[in-house]
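This report concerns only the one structure given below.
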Amino acid sequence: MMQLSQITPVEKLLNTKEIAFYHDILSRPLVAEITKAEVTHYRQKVIEQGIAIDTNELIHTIVLALKKQSSQRLQRVINATGIIVHTNLGRSPIPQTIWQEASETVCGYSNLEFNLNNGKRGNRMGMLSKILSTYFGGESNILVNNNAAAMHLILKTFAQGKEVIVSRGEQVQIGGGFRIPEILEESGAVLRDVGTTNITTLDDYLKAINENTAMVLVVHQSNYYIEGFSQRVDINLLAAKLPEHVMLVVDQGSGNQIAGIPGEPTVANYLKAGVDLVCLSGDKMVGGPQAGIILGKQQFIEPLSKHPMMRVFRPGKETYALLEKLLIHRLNHDCAANNRIETLITQPIEWHQERAQQIASIAPEKLPLVATKFLIGGGTTPRAQYDTWAIAILSDESPSSLIKRLRNHNPPIIGVVQQDQVLIYPITLFDEELTIVKEFLSELI
């Protein structure tokens, strides 16, 4: 018992340099909680094993626990995976300029729901509605907190207790276990699947329609594609042939807003075809904040805006401010808000090689260049792969050990393991990150 009294008190441990370092990172109360837990474990170890008290060992154990906890906090990482819109890495980075401009609005009071013209309560959409119509097209629009909410709100408003026709080849599951059939069931709609996995015809849709049919739902084939003997109905033909009482809704999800990406119709194309509503992901589609954007005909947008669930799904002021600023810059073709996807997929292969060589030049024999492909990601254009150059790290360490060392860097560097090699993709690095990666590899080698 005398030996136990020699264990440094928690309050004194909290003030040691190594542990106090984590006060600003985790907060002092959380550091105290973790420290107390580790001291309790250490005391039990002393009792059971009869070991001598070693304060340095105790501090080291506490620091390891604090480091493990701190790795779970939301923090910046360096994306070296070759996937531009990486769902696990925060999807689309928001340009610094846009963030700074929006901060002037969100860090004070704003006219979020106040009409400056008449001094009365205003609409959250404000000018953003006009901006969205100018950017995407469509008569009207509304904003919710993500695309899953957008889909749920549409089904809840127009299809509760009614049938929704979906092609079997479009009953998808995306990341996190989100499944189209389950969202239909949850909303109270009844799924009516038509066609086969690879082929759905116009007749398949038309024959399935009855007096209880609310809509035909066309779903973007996110993260997969069907090729070979396959067929999908032209959206223009489908819009022209549906009866008046049946809505045509497109769950664009990730999809595309850039003309010229093969096999990916833009939102504008769907709206021009006569689709009633299109919903999409704001961060995946325009590189902005997470949001669900619903665009289409005024007669359908208005009931959505008045539905009780709209209050559940509406975003906060930050989303409105960021999206409005971003799209204004995009409409003005300002470089500060360039579409990152469009910029990167149009670079010549020489640009990719030169970028890789900037890093590999420190030790070409240890960092050979590898001709490979990069992806847009986020479910967009799953079959489209673009040429690039990556850097292989030749090391005596195992790939799993090396990739972990990259993750433990500050800031963490997220590479990939391919064919038993660790690869770094310069294509997804920001310019200032090239130096960070270069310095890390220089120390490693």
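The values are calculated or read from the model by the stated rules, or taken from the named source; none is laboratory data. None of the values given here were measured: they were computed from a predicted structure. When we count neighbours, we look across all protein chains shown, and the Cβ atoms used for this are built from the backbone with ideal geometry, even at glycine. For the accessible areas, the whole protein counts, side chains as well, though only heavy atoms, and no ligand, DNA or RNA atoms are used. Shrake-Rupley method; radii C 1.70, N 1.55, O 1.52, S 1.80 Å.
Only bridges whose two residues both fall in the chain count here: according to DSSP, what percent of them are antiparallel, nearest 5?
On the way: 27 of 50 bridges.
The antiparallel proportion sits near 55 percent.
Net charge around TYR425, counting only other residues with Cβ within less than 13 Å of its Cβ (Lys, Arg = +1; Asp, Glu = -1)?
Numbers: positive: ARG355, LYS373; negative: ASP387, GLU433.
Net of charged neighbours comes to 0.
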Worksheet entry | Where labels lie 7 Å past Cα in the beta-carbon direction, separation of ILE436 and GLN385 in nm | 2.8
Worksheet, complete the sentence: Expected unfolding gain across GLN299-LYS404 under the 0.36 nm per residue rule, minus the alpha-carbon gap, is 32.5 nm
Item to complete: First measure r as the distance between the Cβ atoms of GLU350 and GLU182, then evaluate 1/(1 + (r/R0)^6) with R0 = 45 Å and state the FRET efficiency to the nearest 0.05.
Response: 0.45
Worksheet item: For a label point 7 angstrom out from the Cα of GLN3 toward its Cβ, which stretches of region 21-55 have the backbone nitrogen within less than 14 Å?
Response: 42-55
Worksheet item: Going highest first, how would you order 80-91, 126-137, 320-331 by mean Cβ packing within 10 Å?
Response: 320-331, 80-91, 126-137
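Which net charge results when you count Lys and Arg as +1 and Asp and Glu as -1 among the other residues whose beta-carbon is under 13 Å from that of ARG91? Present the calculation step by step, with values, prior to reporting the outcome.
Numbers: positive: LYS284, ARG340; negative: ASP283.
So the surrounding residues net to +1.
Enumerate by residue number the chymotrypsin sites (Phe, Trp or Tyr not before Pro) in region 364-445 meeting two conditions: DSSP loop (anything except H, G, I, E, B), and at most 15 other Cβ atoms within 10 Å of the site's Cβ. Could you put the intermediate results ahead of the total?
On the way: sites: PHE374, TYR386, TRP389, PHE430, PHE440; in loops: PHE430.
Those satisfying the criteria are PHE430.
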Worksheet item: At a Förster distance of 35 Å, what's the computed FRET efficiency of LYS36 paired with SER103, Cβ-Cβ distance as r, to 0.05?
Response: 0.40
Discussion item. Around TYR270, under 15 Å between beta carbons, what's the net of Lys plus Arg minus Asp minus Glu among the other residues?
Written reply: -3
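With the Cα gyration tensor of region 23-135 giving a ≥ b ≥ c as the square roots of its eigenvalues, does the rule (a/c under 1.5 for rounded; else a/b larger than b/c for prolate; else oblate) give rounded, prolate or oblate?
It comes out prolate by the Cα gyration axes.
Please arrange SER187, SER110 by accessible surface area, largest first, computed with a 1.4 Å probe and ligands excluded. Walk me through the numbers on the way to the answer.
On the way: SER187 0, SER110 50 Å².
Sorted descending by solvent-accessible area, the residues read SER110, SER187.
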Practice prompt. List the residues of region 323-351 whose backbone N lies under 19 Å from a point placed 7 Å from the Cα of THR134 along the Cα-to-Cβ direction.
Written response: 323-339
Fill in: Length-normalised contact order for the chain - Cα pairs under 8 Å, 6+ apart - percent
19
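When the helix-only estimate is applied to the chain (DSSP H runs of n ≥ 4, each -39,500 (n - 2.57), divided by the residue count), what is the mean residue ellipticity at 222 nm, nearest 500 deg cm²/dmol?
Numbers: 20 runs with 185 residues, N = 445.
Theoretical 222 nm ellipticity from helices: -12000 deg cm²/dmol.
Between LYS366 and VAL312, what length comes free when the chain is fully extended (0.36 nm per residue of separation minus the Cα-Cα distance, one decimal in nm)? Before the final figure, lay out the partial values.
Values: separation 54, 0.36 × 54 = 19.44 nm, distance 5.39 nm.
In short, 14.1 nm is gained.
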Discussion item. Would region 234-374 count as rounded, prolate or oblate if I go by the C-alpha gyration tensor, calling it rounded below 1.5 in a/c and otherwise prolate when a/b exceeds b/c, oblate otherwise?
Written reply: prolate
Worksheet item: With each pseudo-label sitting 7 Å past Cα toward Cβ, what's the ALA52-ASN210 distance in nm, one decimal?
Response: 8.4
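Between ASN111 and ASN15, what FRET efficiency follows from the Cβ-Cβ distance if R0 is 45 Å, with the result rounded to 0.05?
Numbers: r = 47 Å, r/R0 = 1.05.
In this case the efficiency is close to 0.45.
Report the extension gain between LEU191 and GLN72 in nm, rounded to one decimal, defined as 0.36 nm multiplied by the number of residues separating them, less their alpha carbon distance. Let's see the in-between values first.
Values: separation 119, 0.36 × 119 = 42.84 nm, distance 3.91 nm.
Gain on extension, LEU191 to GLN72, equals 38.9 nm.
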